[in-house]
Amino acid sequence: KRMNGWFGKPPPDVISDQLNARPKSVQYKLSKYNLFQCIIMKDEKPTRKLATILAADCVGFSRLMDKNEELTLQNIKKCRNLIDPVITENGGRIFHTAGDSVIAEFNSVVDSVNAAIEFQDMLHERNQNVPEDSRMVFRVGMHLDDVIMEGDNVYGSGVNVAARLEGLCEPGCILLSR
């Protein structure tokens, strides 16, 4: 729960009274309006599960942005309009994106592999029908591991391994761990 509008740190007893319970941890931050916000954070035990992590990234995205930002932005949006629905339709959930990268988790290895093959095929077909300066090629790394689920985020070495495999992958391909 959030409480906005304090000019300075509110007394802990006010926070506790508001929640009818003593919070486990309290975090204060300065909002963009120079008002302190109080964010009550519950200390909950994280949930673990076995998941397949898919990490995809556009090859040479920074170079493309340096050449033509507007065109590159249009093209990455078109590619993401192909990639994102395929991930969802195959039972995946995108939990992180940053510019040209997508990281998703799947409950099934088979579903994640099928999603990756499907969107790589779609991207390959797209690239055959657009001018060379609009082509985007993706690398995909995938890894099955025990991960920590906390809210909408996924943490753990499985995420790191998938991202490292993506970096080692040949452009236009999919690299899986054993």
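Details
- For the range 121-172, the dipole from Cβ point charges (+1 on Lys and Arg, -1 on Asp and Glu) about the Cα centre works out to 140 debye, to the nearest 20.
- Net charge in the neighbourhood of Gln120 (other residues with Cβ under 11 Å of its Cβ; Lys, Arg +1, Asp, Glu -1) is -1.
- Mean Cβ neighbour count within 10 Å, used as a protection proxy, ranking 87-93, 61-67 highest first: 87-93, 61-67
- Full-stretch length increase - Arg63, Leu168 - with 0.36 nm per residue and alpha-carbon distance subtracted: 35.9 nm
- In plain terms, if you count all Cα to Cα distances in the range 46-138 and split them into 10 Å steps from zero, the share in each step is 16, 47, 27, 9, 1 percent.
- Net charge, Lys49 excluded, C-beta distance under 11 Å - Lys, Arg +1, Asp, Glu -1: -2
- Average accessible area per residue (Å²) across the range 65-178 - probe 1.4 Å, nucleic acids and ligands excluded: 56
- Between amide H atoms placed 1.01 Å from N, distances below 5 Å from Phe95 occur with Ile103, Ala104, Glu105, all of them 5 or more places distant or on a separate chain.
- Distance between the modelled labels on Asn107 and Thr47, one decimal in nanometres: 1.1 nm (7 Å Cα→Cβ projection).
The values are calculated or read from the model by the stated rules, or taken from the named source; none is laboratory data. Keep in mind it's a predicted model, so treat the numbers as computed, not measured. Cβ: placed from backbone, ideal geometry, glycine included. Neighbour counts: every protein chain shown. These area figures cover heavy atoms from the full protein model, side chains too; ligands, DNA and RNA do not enter into them. Shrake-Rupley method; radii C 1.70, N 1.55, O 1.52, S 1.80 Å.
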